[in-house]
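Structure first, commentary second.
The values are calculated or read from the model by the stated rules, or taken from the named source; none is laboratory data. These numbers come from a predicted model, not from an experiment. FYI the Cβ positions are ideal-geometry reconstructions off the backbone, even for glycines, and counts take in every protein chain you see. Protein only, heavy atoms only, side chains kept; ligands, DNA and RNA dropped before computing areas. Shrake-Rupley method; radii C 1.70, N 1.55, O 1.52, S 1.80 Å.
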Amino acid sequence: MRFVEIKEELNKESGMRVIDSLLNVGLLPCIIIDKDTHEILYQNRKSIELLGDKLGKLCYEVICSKDKPCDNCVLPNMTGNVAIYDCYMELLGKNVRWMFSDISWFDGRDAVFAKLVELGEENITSDAKWKYLKDMDQDRRDSDSLTHIPNRSKFYKNAESILLEGNGDYAVILFDIDRFKSINDIHGMSKGDDVLMHIARVLKDSFGLDDNYGRMHSDLFAYIISYNNKGEIIKQIEKLRKKINQNEFDFDINTSFGIYLVNDRQVPVNLMCDRAMMAVKTIKGDVLKFCAFYDEQYRSDMLKANEIEKDMQESLERGDFKMYLQPKFRLSDSKMVGAEALCRWMHPTKGMIPPLDFIPLFEKNGFILRLDEYMWEQACSTLRRWIDSGIEPIPLSVNISRYHIKYNDLESVFTRLINKYNISSSLLTLELTESLFLDNPEELNRVMSGLQRMGFKLEVDDFGAGFSSLNMIRNITVDTIKMDKDFLDSEIASEKGKIVVNHTIDMAKDLNLQVVAEGVETKEHVDFLKNSRCDVAQGYYFAKPMPLDEFDKLLQ
Ligand code: C2E
Ligand code: CA
Ligand code: CA
């Protein structure tokens, strides 16, 4: 049955007038709803009086107080029939009866004409109200209060039933927003909430009513999908990231995805999520990676990392981190002109752990800030001890992890140290790794020039290992470049390479920089470097890093 047939040639305005005149004569509140989008296209006066202006709102929001179409929604099943719909309307605080009939909207869209035929408690059973309240309650328990998408426990339930019923291969995918805390800090919590709601909308748009997604907590979201190959999963992630980035915020929203391929459906969904999360953690801080697959190896790495983290604090307090010194020699006369402080962890049960096994982890968990300060203090107190015992002190160089530039106030830390030990700043060289110069040159320049004004020598560590060139460090005043071992090794193996290294050294010298070579292992290295204009060499050829008491003997 077609209730209102509006001729096609009517435009929207005249169409509306016709509908108005037809429907406002009636005494009952009426609305017209778009059958597909559920949008309220029209309200007569009576319905505006009763419900308020709801034009453009969605019928399930207004009638059912839901944020998505009801499971038992009558609209899709209406085919030329009339439907009676009894429900409790929160908006009115009353039980109501709607009568629906389907019609064509004047632009050809399928629509539903809804008339509120009965109003009040007494007309329909209180079962409807009870059922409504029960559904609402369940909905509230299942959905996340901010974004209204399924919450963690609902997602687990949904994923379980998907895995129980579905055939094929599934992947559980978790993602979070990089530096979400900074978004909250810089732009305010409500902007942070907007970002989360935006992401929930993207998930809704992408997955529709499948309910295969949810918000786990804070900025962590999850979804489960079936897939044929890994490439498909990545393509979909790329699509999601693109949609997430289409927004009106004036800052970037970067996301990191972790993928767990379900190979054993017996594994509880929460564990699958934990594993996907482990994969997320492996790419945190890596700007070049946006997703990673879970690998069994991660688990053992994480367990190892956890163990190390458990001990680090105690070890620092107990003095298990030892400073080793590796001498640096002037090539022209083989005189020892300095030494680099390198850390060794003398673990009470695991024995000596080399820095590459813990420094990267400490850089991730922030402990590097404390460990480095501890090492710098060791270097300063050693210099003091030498001076006190009448030994001519030789300059020591210490490593500065990149994280200090951002998170520490280096000037005040070093001021405190040189005052406490009453030593000259010229006795300390600060080694900063080359890749730092790619990060944030302005910030780095500010910090470095401050330190240089205080009299510290600055050295670019690992020079040649990455992408930096003398051109890049031209704008940042440093005193020394330290050529990376691999750069030296790989280049001087060929005649052309030798020319490259020689030119690099020449250019550095022309810029008044001192040149140090590290990882000098062979006589060939030494001969080559002696013929170039390189000033200083450090490496196993001369001496390995050694404990203090051994180093002391070199000074006597
Ligand atoms: P790095 O600063 O480039 O230190 C030089 C590394 O090369 C040291 O490794 C040293 O033992 C090694 N080495 C020296 N001469 C030779 C040689 O002739 N051949 C070879 N193959 N290697 C040589 P180590 O002590 O294992 O330190 C590794 C890295 O760990 C250091 O690289 C540095 O980046 C970091 N590190 C060590 N101690 C600290 C510290 O106290 N703080 C920070 N932030 N990083 C540290
Ligand atoms: Ca170094
Ligand atoms: Ca180095």
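Here are the numbers:
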quantity: Charge-dipole axis of segment 316-555 as Lys and Arg at +1 and Asp and Glu at -1 on Cβ define it, positive-most pick from 441, 354, 369; calculated: 369
quantity: Rounded FRET efficiency, nearest 0.05, which uses the C-beta distance separating residue 426 from residue 370 and R0 of 35 Å; calculated: 0.85
quantity: Spin-label model distance (nm) - residue 165 vs residue 36, 7 Å beyond Cα toward Cβ; calculated: 2.5
quantity: Potential lengthening between residue 300 and residue 548 on full extension [0.36 nm per residue; Cα-Cα distance subtracted]; calculated: 85.8 nm
quantity: At most 16 other Cβ within 10 Å, DSSP loop - chymotrypsin sites (Phe, Trp or Tyr not before Pro), segment 409-502; calculated: 467
quantity: Carbon + sulfur, % of accessible area of segment 316-555 - ligands and nucleic acids excluded, 1.4 Å; calculated: 51
quantity: Only Lys, Arg (+1) and Asp, Glu (-1) charged, at Cβ; the chain dipole about Cα centre in debye; calculated: 320
quantity: Protection-proxy order for peptides 197-204, 177-184, each taking the mean of Cβ atoms within 10 Å per residue, highest first; calculated: 197-204, 177-184
quantity: Three-way shape call for segment 219-308 based on the alpha-carbon gyration tensor, with the a/c threshold at 1.5; calculated: oblate
quantity: Estimated inter-spin distance, residue 389 and residue 413, nm [label 7 Å along Cα→Cβ]; calculated: 2.7
quantity: 1.4 Å probe accessible area per residue over segment 339-425, in Å²; calculated: 46
quantity: In nm, spacing of pseudo-spin labels at residue 523 and residue 207 (7 Å Cα→C-beta vector); calculated: 6.8
quantity: Protection proxy ranking of 401-410, 106-115 - average other beta-carbon atoms within 10 Å, highest first; calculated: 106-115, 401-410
quantity: Global geometry of segment 421-556, whether rounded, prolate or oblate, following the gyration tensor of its Cα atoms and the 1.5 cut on a/c; calculated: oblate
quantity: Alpha-carbon centroid distance for the pair segment 503-556 / segment 207-227, whole angstrom; calculated: 56
quantity: Cα centroid separation - segment 360-437 against segment 319-347, whole Å; calculated: 13
quantity: Shape category assigned to the chain from the gyration tensor of Cα positions, a/c cut at 1.5; calculated: prolate
quantity: Segment 182-279 - percent of accessible surface contributed by carbon and sulfur, probe 1.4 Å; calculated: 45
quantity: Length released on extending from residue 381 to residue 349, taking residue separation times 0.36 nm less the Cα-Cα span; calculated: 8.8 nm
quantity: Positive dipole terminus of the chain, leading residue within 455, 516, 240 (C-beta point charges); calculated: 455
quantity: Label zone at residue 493 (point 7 Å along Cα-to-Cβ), backbone N below 11 Å, segment 508-529; calculated: none
